Amino acid sequence: MYADDETVRRILQDTGDTWAVVGLSTNRSRAAYGVAEVLQRFGKRVVPVHPKAEPVHGEKRYASLADIPFPVDVVDVFVNSDLAGAVADEAVAIGAKAVWFQLGVIDEEAYGRTRQAGLDMVMDRCPAIEIPRLDARR
């Protein structure tokens, strides 16, 4: 277990509303596209981070986290596990408050580094699943 419900709830409700979604493209068949829609419906600003994508869900896309010219609260990671650690390190470097690795994205060393840097982190879970699940428990 890489985050308890309290950490998940804190990230979703208290950490902030600007979410950089790494791996988000205009491909509607990808999970990131649908999750970004859910985040927007939940009131989050979704910032697409993808080297090749066009704007997504009405938001300008950035090639990397370092290119985003405003503060990011949460970095949501939709890349392969072998690339995710570098993204988590970038999230720390840009001053994000939390990192969220999606279902199937696992890097225990990155999890440890990110937590040691003082950020909240969730790994191998999906906010689109957690939002309604936690909302039902209020």
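The values are calculated or read from the model by the stated rules, or taken from the named source; none is laboratory data. Here the structure is a predicted model, which means the values were calculated and not measured. So basically every Cβ, Gly included, is an ideal-geometry build from the backbone, and we count neighbours across all protein chains shown. Quick note on the areas: whole protein, heavy atoms, side chains included, nothing else; ligands and nucleic acids left out. Shrake-Rupley method; radii C 1.70, N 1.55, O 1.52, S 1.80 Å.
For Ile94, Ile68, give the ranking by accessible area with the largest first, probe 1.4 Å. Walk me through the intermediate numbers first.
Numbers: Ile94 60, Ile68 20 Å².
The ordering from most to least exposed comes out as Ile94, Ile68.
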Can you give the accessible area of Leu103, probe radius 1.4 Å, in Å² rounded to 10?
100
Computed lengthening from Asn27 to Ala117, 0.36 nm per intervening residue step minus Cα-Cα distance:
29.1 nm
Going through the stretch 55-102, which trypsin sites (Lys or Arg not before Pro) have at most 15 other Cβ atoms within 10 Å and a DSSP loop state?
Lys60
Averaged per residue, the 1.4 Å probe accessible area of the chain, protein heavy atoms only, in Å², is roughly 49
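Enter the mean projected area of the convex hull around the alpha-carbon atoms of the stretch 84-126, in nm², rounded to one decimal. Mind dumping the intermediate values first?
Values: hull surface 9.7 nm².
Approximately 2.4 nm², given one-decimal rounding.
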Could you give the nm distance between label points at Asp4 and Ala66, where each point is 7 Å from its Cα heading toward the beta carbon?
3.7
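If I compute solvent accessible area with a 1.4 Å probe over the protein chains, what percent of it on the stretch 1-108 is carbon and sulfur?
On the way: 2480 of 5180 Å².
Carbon and sulfur: 48 percent of the exposed surface of the stretch 1-108.
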Find, among the GluC sites (Glu not before Pro) in the stretch 82-117, those assigned to loop by DSSP (not H, G, I, E, B) with at most 14 other beta-carbon atoms within 10 angstrom.
none
Rounded to the nearest 10 Å², the accessible area of Val35 using a 1.4 Å probe with every protein chain kept is 10
Find how many whole Å separate the alpha carbon centroid of the stretch 112-134 from the alpha carbon centroid of the stretch 1-41.
9
Bin width 10 Å, alpha-carbon pairs only: give the P(r) of the chain as whole percents, running from 0 to the bin holding the largest distance.
13, 49, 34, 4
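Viscosity 1.567 mPa s, temperature 4 °C: give me the Stokes-Einstein translational D for the stretch 34-82 in µm²/s, with Rh taken as the Kirkwood radius over C-alpha pairs.
On the way: Rh = 11.6 Å.
Result for D is 111 µm²/s.
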Can you give me the long-range amide H partners of Leu24? Hydrogens built in the peptide plane at 1.01 Å from N, cutoff under 5 Å, separation of 5 or more residues or another chain.
Val49
